[in-house]
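Have a look at the structure below before the remarks.
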Amino acid sequence: MNRFSTLAAGAALIACSAFAQDKPGAASAAAASASAPTGRFGFVNTERILRDAIPAQRAQKKIEAEFQKRDQELARLADQLKRMQDDIEKNSVTMSESQRRTKEREFGELNRDFQRKQREFREDLNQRRNEELAQVVEAANRVIRQIAEQEKYDIIFQDAVYASPRIDLTDKVIKSLDSGKPPAK
């Protein structure tokens, strides 16, 4: 799609320049109109909104509190695994073969359980984070739409390689989200 639009724009410029060659002075007018953007543009840094806006910070704290108990349980299991491993390494010389195999089997079972719980924890954490941040993004998009309509923006970009601070509306969006009120003109 992007490649097609680039080709179409290039073809339009070639057609304009071919047409302009027939009329003196028209080439500079065609080139000026092709290079001068019209309309009003804005930019919003979504990453900053998700990091700095109070609703995003509140969501992050909510998630941390929700998963704190499970995180502590995983830390306890990791500590237990470390102690078991140290015990096996330290006492393997004095243990009988069957004792060593039993300890290693217990260690392996506990390690598999730990890895399973850790994987489930990460999946659940990511799912909850996505759910909570989706609500923040939805609210931010409503604010962005309001700003666009109130201030007559033709387009507002989210995430760009570069955007001039002159067209950056991120602070305005964050202020509106933080206050819980629609943006002021």
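The values are calculated or read from the model by the stated rules, or taken from the named source; none is laboratory data. These numbers come from a predicted model, not from an experiment. Here Cβ is always computed from backbone atoms with ideal geometry, including for glycine, and neighbour counts include all displayed protein chains.
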Conditions (1) at pLDDT 95 or above; (2) not assigned by TED's automatic domain parsing to the domain that holds Ile155; number of the one not met by Gly25: (1)
So Ser176, is it modelled with pLDDT under 95 and closer than 14 Å to Pro55 by Cβ: yes
Quick one: which of Ala148, Ala140, Ala134 is within 30 Å of Gln68 (Cα to Cα), among the aliphatic types (A, V, I, L, M) and crowded, with 16+ Cβ neighbours inside 10 Å? Ala140
Could you list, ordered by first residue, the pairs with Cβ atoms under 7 Å in which the first is in the stretch 156-170 and assigned by TED's automatic domain parsing to the domain that holds Val137 and the second is hydroxyl-bearing (Ser, Thr, Tyr), at least 6 apart or interchain? Gln158/Thr46; Asp159/Thr46
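A quick yes/no check of all residues on (1) in a helix (DSSP H, G or I); (2) of a type outside the set (S, T, N, Q); (3) within 30 Å of Gly180 (Cα to Cα):
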position: Ile63; (1), (2), (3): yes, yes, yes
position: Leu77; (1), (2), (3): yes, yes, no
position: Val93; (1), (2), (3): no, yes, no
position: Ser98; (1), (2), (3): yes, no, no
position: Lys117; (1), (2), (3): yes, yes, no
position: Gln127; (1), (2), (3): yes, no, yes
position: Val137; (1), (2), (3): yes, yes, yes
position: Asn141; (1), (2), (3): yes, no, yes
When you check Phe43 against the structure, is it surrounded by 15 or more Cβ atoms within 10 Å (Cβ to Cβ) and either outside the structural domain of Arg142 (by TED's automatic domain parsing) or more than 26 Å from the chain's Cα centre (by Cα) (or both), yes or no? no
Cross-chain or 6+ apart pairs with Cβ under 8 Å, the stretch 131-152 first and farther than 14 Å from Gln57 by Cα, then surrounded by 14 or more Cβ atoms within 10 Å (Cβ to Cβ) and among the basic types (Lys, Arg): Ile147/Lys172
Name, by its number, the condition in (1) within 30 Å of Asp113 (Cα to Cα); (2) surrounded by 13 or more Cβ atoms within 10 Å (Cβ to Cβ) that does not hold for Arg48. (1)
Determine, yes or no, whether Glu106 is more than 22 Å from Gln68 (Cα to Cα), assigned to a helix (DSSP H, G or I), more than 15 Å from the chain's Cα centre (by Cα) and in contact (Cβ under 8 Å) with a residue 12 or more places away in the chain. yes
